[in-house]
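Below is one structure, written out as C-alpha cells, with a few remarks after it.
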Amino acid sequence: MSFKFSRDDKSTAAGVRRIARQEIESALSEIADADMGFDEKVHRVRRRCKKLRGLIRLIRPGFNTYSSVNAAVREAAAGLAHTRDAAVVVETLDSLAKAGNGSVEPGTYERLRARLTERAVHKASSAEEERLLEEFAGRVGALEDSITGWRLEKREFAALEGGLTQVYKRMGKSMLLARVVPSDENFHEWRKMVKYHWHHIGLMREGAPDVLGVSRTMADSLGETLGEHHNLAVLIDILGEGALEDGGRAAQAAARERQKELARRAFDLGLQLTAETPRALARRFERYWALLRK
C-alpha cells in the first residue's frame, strides 16, 4: 500500500503502525538494492524519513513516545544529509542560470558550476559509504522493532485532529511571520510546516480523493516553491565564500531577485491554502475521515 490510511486498517493506530513499518521496510530495501547508486539511495531514504516525521507529527498530541521517535528519525536522516546537500547546490545554480535573472556576465555560471561541482564530488571511499548506510539501517531497524508497542491515546479521527490542526495553525503563523520578517530562516520554517501539511493531506486522501487531490497539489506546489527559495539561500551563502568570489556577487544578486519572485508566488498560494479556520479544517477532514471509514 502507498503512504495513506486505508479502509482496511482496523483502527487509526493500526494504520499508523502499518504505514510506519512500510516506510522503514522500503528504506531498508532501497539500501540493499545493488542496482542503485549511493547518491540515489541517500535521496530515497531521506524522503522516507520525511514521510515518517510527517506521519508521527499527525499523531503527536496523543503519541507519548513522539519525542524519542522523532529524534531517532531525525538523527538517522542527519547522518546522510551532507552527502545530498552539496549536489542540490549545483542543481540550484543550474536552475538559476536557466531562469536568467539579473545581470550576470557570460561564462560566469559555467565557472561557478565547475567550482561547485568540484565541491560536490563525494570523496568518501566505498567503505565509508557502506558504513554510513549501515549506521542508517541500524537506526531505522531499531525503530522498526519499537513500532509494535506504539499506542495512541485517542481513536479514529480524534487521534489525528490535534496534529492536523497544530501543523495547520503553525503553517499560517509562519507564513505571516515570513511576510513581516522575510528572513531565510522564517521562510524555511514555513516550508517545513507546508511539507507536514502536504503529508497529512496525502495520508487522508482516500476519504475524498477528488477534493483532496486539488489541495494536495496546491500544497505540493507551495512546498516546491519554498524549497527552491531555501536552496537559493544555501547557494547565496556558498557564493559568499572567498573561494567562489569570481562572479559570485552577481550570481548572488540574481539569486536574491529569484527569491523575491518565489516569495510572491508562495504568498499567493499560502493565502489560499490557509483561507479557512483551523476548526473549519478539522470539521471538514473529520467528514472525509468518516467517508474513509465507511
Pick from segment 69-83 the residues that are in a helix (DSSP H, G or I) and small (Gly, Ala, Ser): which of them is modelled with the lowest pLDDT?
Ala81
Name the one entry in Gly207, Gly213, Gly227 that is open to solvent by less than 50 Å² (accessible area, probe 1.4 Å), modelled with pLDDT of 95 or more and over 19 Å from Met193 (Cα atoms).
Gly207
Close pairs (8 angstrom Cβ cut-off, 6 or more residues apart or separate chains): farther than 16 Å from Arg115 by Cβ in segment 85-99, surrounded by fewer than 14 Cβ atoms within 10 Å (Cβ to Cβ) and acidic (Asp, Glu) anywhere:
none
Look through segment 1-35, keep the residues that are surrounded by 17 or more Cβ atoms within 10 Å (Cβ to Cβ), more than 20 Å from Ala71 (Cα to Cα) and of a type in the set (Asp, Glu), and return whichever of them is nearest to the chain's Cα centre (by Cα).
Glu30
Of the conditions (1) closer than 28 Å to Glu91 by Cβ; (2) of a type in the set (Phe, Trp, Tyr); (3) open to solvent by less than 20 Å² (accessible area, probe 1.4 Å), Phe38 fails just one. Which one is it?
(3)
Please determine whether any residue of segment 102-111 is part of a loop (DSSP other than H, G, I, E, B), among the β-branched types (Val, Ile, Thr), touching a helix residue (DSSP H, G or I) at 6+ places or on another chain (Cβ under 6 Å) and at pLDDT below 85.
yes
Can you tell which of Ala97, Ala86, Ala124, Ala114 is closer than 25 Å to Glu241 by Cβ, at pLDDT below 80, part of a helix (DSSP H, G or I) and open to solvent by less than 70 Å² (accessible area, probe 1.4 Å)?
Ala86
Which one of the conditions (1) open to solvent by less than 40 Å² (accessible area, probe 1.4 Å); (2) assigned to a helix (DSSP H, G or I); (3) under 30 Å from Ala127 (Cα atoms) does Gly54 fail to meet, given that it meets all the rest?
(3)
Which residue pairs have Cβ atoms under 8 Å apart, sit 6 or more places apart or on different chains, and have a first residue in segment 175-186 that is open to solvent by 100 Å² or more (accessible area, probe 1.4 Å) and a second that is modelled with pLDDT of 95 or more and assigned to a helix (DSSP H, G or I)?
Arg179/Phe267
Unmet criterion (only one of (1) of a type in the set (Asp, Glu); (2) under 23 Å from Thr12 (Cα atoms); (3) free of Cβ contacts under 8 Å to residues at least 12 places away in the same chain) for Glu206
(3)
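The values are calculated or read from the model by the stated rules, or taken from the named source; none is laboratory data. Values in this document were obtained by computation on a predicted structure and should not be read as measured data. Quick reminder, even Gly has a Cβ in these numbers, built from the backbone with ideal geometry, and neighbours come from all protein chains shown. Side chains are part of the model used for accessible areas, which takes the heavy atoms of the whole protein and leaves out ligands, DNA and RNA. Shrake-Rupley method; radii C 1.70, N 1.55, O 1.52, S 1.80 Å.
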